[in-house]
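The values are calculated or read from the model by the stated rules, or taken from the named source; none is laboratory data. None of these values were measured; they are calculated from a predicted model. Positions of Cβ are generated from backbone atoms using ideal geometry, with glycine treated the same way; all protein chains shown enter the neighbour counts.
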Amino acid sequence: MTRSLAWKRYNGRVIWLGLLYAAFLLPAVYGFKHGLVPGWAAYPVAVLPSLPIIGIFGALGRYLVEEQDEYVRMLMVRQILWASGFTLSIATVWGFLDNFRLVGHADGYWLIAVWFIGLGLGGLANRVTLGTPVRC
Amino acid sequence: MENRLRVLRATRAWSQADLAERLEVSRQSVNAIETGKYDPSLPLAFRIAELFELPIEDVFVSPSRRSSAAI
């Protein structure tokens, strides 16, 4: 299967954002661990690693705008709907379990990982229902 | 939505990849349209019809006409 130019651009952006994520996260972890982050800088330093992740969602939106093949675009929209539905469902169930003290409290950023797992599930759903290659 | 894409493609001896290249879409898009798994947008449907130099209703079968014909 040939990849569209829009998909290649998306991948390029994700690679750069991944590198940026590592560049923000590693110093932040090191800085907080060794008490090197002054109080005034704590919030910006803590938030910085989240920006490239938000950027990935932006890149995905950009991909949907740039993708010229309407069928391929529709497949990605289906995957995103799967990912969002899956994440919201997991968050809802976990929230109730947490509320009744049946599971431990989970950090909010784990939802991002769940969302990307949902994106993969959406790809599988596309494969099962439409016979398309899995893409995530 | 039913269509005559496979037949029309065969008359010109085009593969799915050939048609995809002419339409500037992926081969999987052509396959999905051909097998009725995906209904193309109106602009793409017109592009397909124009490529085969046919009116759009000679390429795609109107679902409402098809159901009334069945009655």
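Brief remarks on what is shown
- Hits in segment B:18-65 - residues which are part of a helix (DSSP H, G or I), more than 13 Å from every other protein chain (Cβ to nearest Cβ), among the acidic types (Asp, Glu) and farther than 16 Å from B:Glu2 by Cβ: B:Asp18, B:Glu50
- When each of A:Tyr71, A:Tyr63 is tested for being modelled with pLDDT of 95 or more, within 14 Å of another protein chain (Cβ to nearest Cβ), surrounded by 18 or more Cβ atoms within 10 Å (Cβ to Cβ) and in a helix (DSSP H, G or I), the lone residue that passes is A:Tyr71.
- Single condition B:Ala69 does not satisfy, out of (1) assigned to a helix (DSSP H, G or I); (2) at pLDDT 95 or above; (3) away from chain A (no Cβ under 11 Å): (2)
- The residues on offer are B:Glu50, B:Glu24, B:Glu34, and the sole one that is surrounded by 15 or more Cβ atoms within 10 Å (Cβ to Cβ) and of a type in the set (Asp, Glu) is B:Glu34.
- Of the residues in segment B:5-26, at least one is within 23 Å of A:Gln68 (Cα to Cα) and either in contact with a Pro (Cβ under 8 Å, 6 or more places away or on another chain) or among the β-branched types (Val, Ile, Thr) (or both).
- The set of residues from segment A:49-99 being closer than 19 Å to A:Trp16 by Cα, out of contact with any helix residue (DSSP H, G or I) (no Cβ under 6 Å at 6 or more places or on another chain) and among the small types (Gly, Ala, Ser) comprises A:Ser50, A:Gly58, A:Gly61.
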